[in-house]
Amino acid sequence: MQVSETLKEGLKRGYEITIPASELDEKVNGKLEEARPEVEMKGFRKGKVPMALLKKQFGPRLLGEAMQEAIDGAMAQHFEDSGDRPALQPEVKMTNDEWKEGDDVVVSMSYEALPEIPEVDLKGVKLEKLVVKADDAAVTEALEGLAEQAKTFETKKGAAKDGDQVVIDFLGKVDGEAFEGGAAEDFPLVLGSGQFIPGFEEQLVGVKADEEKNVEVSFPEEYQAAHLAGKAAVFECKIKEVKKPAKAKLDDELAKQFGADDLEALKGQISERLEAEYAGASRAVMKRTLLDELDKLVDFELPPSLLDAEAGQIAHQLWHEENPEVEGHDHPEIETTDEHKKLAARRVRLGLLLAEMGQKNKIEVTDAEMTQAIMGQARQYPGQEREFFEFVKNNAQVQQQMRAPIFEDKVVDYIFELAEVSEKEVSKDDLKEAVDKLEDE
């Protein structure tokens with residue numbers, strides 16, 4: 001095997017690899033010798049088929065395997081000898097298009113090498129950790145929210161207003177004809193909840209028990225039932241009862257509805273949950289500060305292919321955020337701007353830096369951590385958890401997408417341990433303001 005350099009420009013690399021025909025022939029013969037003891041062929045005893053006949057019968061297929069193995073081996077040997085790490089899968093192609101059996105195989109290999117990542121003195125990194133305590137006011141506010149969730153409705157006299165519940169029988173008609181799914185009895189509808197199509201609930205404000213009212217509305221153009229989309233409809237409604245909301249009391253009974261033994265135990269659970277939420281938000285703020293600091297400390301050449309791919313992904317994501325009505329990829333070509341490229345450069349640089357730190361410090365994502373992450377996502381598909389597990393198990397790309405953020409967070413936590421971190425107690429509002437700044441950037 002012979003390897004000669006054809007390109008070395010920045011991080012771009014090019015090589016020509018020549019694999020002698022004799023090496024391929026040797027590999028094919030080796031494979032045939034290995035398989036020969038088990039081969040049976042008419043007219044010959046098992047294991048006694050002549051090599052020439054074996055080569056004629058199986059040689060062409062084995063030659064293809066030998067070529068692929070030789071090329072893969074040559075590439076692996078090159079990367080081991082050179083120390084290069086390709087940014088993306090190398091491009092490999094045969095250059096002698098008129099190759100025939102007995103010729104040497106000549107292939108070209110091109111790739112972009114990952115750059116040398118400089119060392120960073122993490123002990124010189126200074127960070128501030130925002131600390132928020134779950135005070136009585138915050139716990140009480142959360143309790144009030146739970147009481148709102150647990151509210152009931154009690155019969156009232158007089159007209160219904162926004163927020164009240166009306167119990168109704170209704171029958172919907174389009175062009176005078178009732179349609180499937182357009183009727184119900186004793187249906188409890190909270191006015192202002194947005195449960196029914198636009199314009200329906202507003203027309204029931206002011207109704208009283210035992211009244212009858214025709215509600216005239218039009219189904220939205222994008223309504224899920226195509227035969228009703230855009231159609232005008234009349235709903236004949238009979239008001240059977242009007243109820244007003246009754247907020248649950250903050251007592252032990254409320255606590256038991258949410259799985260706690262009593263109100264004090266529920267307060268304790270709420271306090272723990274709030275402080276965990278505050279800690280998560282604080283960590284996000286500190287992580288952004290860390291990434292900003294690292295971005296200032298390092299600068300190195302970046303592989304153009306990674307930059308282009310990341311800039312394209314950023315542009316695509318931002319375009320879809322601005323055009324949420326477009327769900328697929330049937331849209332004009334999205335051009336990357338200087339702003340996209342600038343953001344891509346930061347992401348690629350920090351991604352390579354964190355990956356290098358993780359590798360050097362032997363940081364890995366454990367099987368248990370991956371299982372936990374998969375379980376967390378599987379909960380989004382109730383009743384289909386097993387199918388989701390199988391999907392992830394058989395899809396290496398999805399596994400990598402799930403592993404990457406876990407790995408990054410483990411590297412960030414490692415850096416937190418080495419950096420100089422000071423704590424600063426702040427209010428909940430101060431923390432929220434810091435988080436809002438992250439979302440605006």
- Task: Round to a whole angstrom and tell me the spacing of the C-alpha centers of segment 71-89 and segment 410-441.
- Result: 40
- Just report the Cα centroid separation between segment 288-337 and segment 166-197, whole Å. 46
- Message: Take L88 and T18, extend 7 Å from each Cα along the Cα→Cβ direction, and tell me the distance between the two endpoints in nm.
- Response: 3.1
- Message: Taking the Cα of K393, stepping 7 Å toward and past its beta carbon, and measuring to each backbone N in segment 349-365: which are under 16 Å?
- Response: none
- Applied in sequence order to segment 311-319, the curve 6.51 cos²θ - 1.76 cosθ + 1.60 (Karplus, θ = phi - 60°) yields integer Hz couplings, x standing for Gly and Pro, of 4, x, 5, 4, 4, 5, 5, 5, 4
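May I ask for the net charge around L7, where only other residues with Cβ less than 11 Å from the Cβ of L7 are counted and Lys, Arg are +1 while Asp, Glu are -1?
Numbers: positive: K8, K12, R13; negative: E5, E9, E16, E112.
Summing Lys/Arg as +1 and Asp/Glu as -1 gives -1.
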- Note on the structure: To the nearest Å², the heavy-atom accessible area per residue of segment 222-261 with 1.4 Å probe amounts to 64
- Rounded if a/c is under 1.5, else prolate if a/b is larger than b/c, else oblate: which is segment 225-341, with a ≥ b ≥ c the root eigenvalues of its Cα gyration tensor? oblate
- Item | Backbone N under 17 Å from the S193 label point (7 Å along Cα→Cβ), restricted to segment 239-260 | 239-248
- Message: If you average the C-alpha positions of segment 360-376 and of segment 2-38 separately, how far apart do those two centres end up, in angstrom?
- Response: 37
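On average, how much accessible surface per residue is there in segment 316-389, in Å², for a 1.4 Å probe, leaving out ligands, DNA and RNA? Can you show the working numbers first?
Details: 5540 Å² over 74 residues.
For segment 316-389, the per-residue accessible area is 75 Å².
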- Item | Set of aspartates and glutamates near K213 by C-alpha distance (under 14 Å), chain-local residues within fewer than 8 positions excluded | D169, E201, E202, E236, E241
- Residues of segment 20-59 with amide nitrogen under 16 Å from the 7 Å Cα-to-Cβ point of E69? 20-38, 55, 58-59
- Each label sits 7 Å from Cα toward the beta-carbon; between E325 and A276 the label points are separated, in nm, by 4.1
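Return one whole number: the accessible area per residue of segment 1-125 in Å², for a 1.4 Å probe.
With all protein chains present, segment 1-125 gives 64 Å² per residue.
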- segment 208-284, relative contact order in percent, only Cα pairs under 8 angstrom and at least six apart counted: 22
- Here are several values of Cα extents along the principal axes in Å: (i) 100, 65, 48; (ii) 66, 44, 43; (iii) 60, 59, 43. Which one was derived from the coordinates shown? (i)
- Of the listed pairs K173/K208; K157/K231; K151/K437; K256/K432; K244/K267, which have alpha-carbon separations greater than 25 Å here? K157/K231; K151/K437; K256/K432; K244/K267
- Among the lysines, which fall within straight-line cross-link reach of K12, defined as a Cα-Cα distance under 30 Å, with same-chain neighbours fewer than 8 residues apart omitted? K93, K296, K341, K342, K360, K362
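For the chain, which whole-number percentage of the solvent-accessible area (1.4 Å probe, protein heavy atoms only) is attributable to carbon and sulfur atoms? Walk me through the numbers on the way to the answer.
Values: 13170 of 28010 Å².
On the chain, the fraction of accessible area on carbon and sulfur atoms equals 47 percent.
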- Item | Inter-probe distance in nm under a simple model that places probes 7 Å from Cα toward Cβ, at S110 and A178 | 7.2
- Work out, step by step, the length gained on full extension between D121 and K208: first 0.36 nm times the residue separation, then minus their alpha carbon distance; give nm to one decimal. 24.0 nm
- Query: Which percentage, to the nearest 5, of the DSSP beta bridges contained in the chain is antiparallel?
  - Reply: 90
- Query: Tell me, what is the FRET efficiency for Q317 and F44 to the nearest 0.05, using R0 = 51 angstrom and their Cβ-Cβ distance as r?
  - Reply: 0.20
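The values are calculated or read from the model by the stated rules, or taken from the named source; none is laboratory data. This is a predicted model, so every value here is computed, not measured. Counting neighbours? That spans all protein chains shown, and the Cβs are built from the backbone with ideal geometry, glycine included. What goes into the accessible areas is simple: the full protein's heavy atoms, side chains included, and nothing from ligands, DNA or RNA. Shrake-Rupley method; radii C 1.70, N 1.55, O 1.52, S 1.80 Å.
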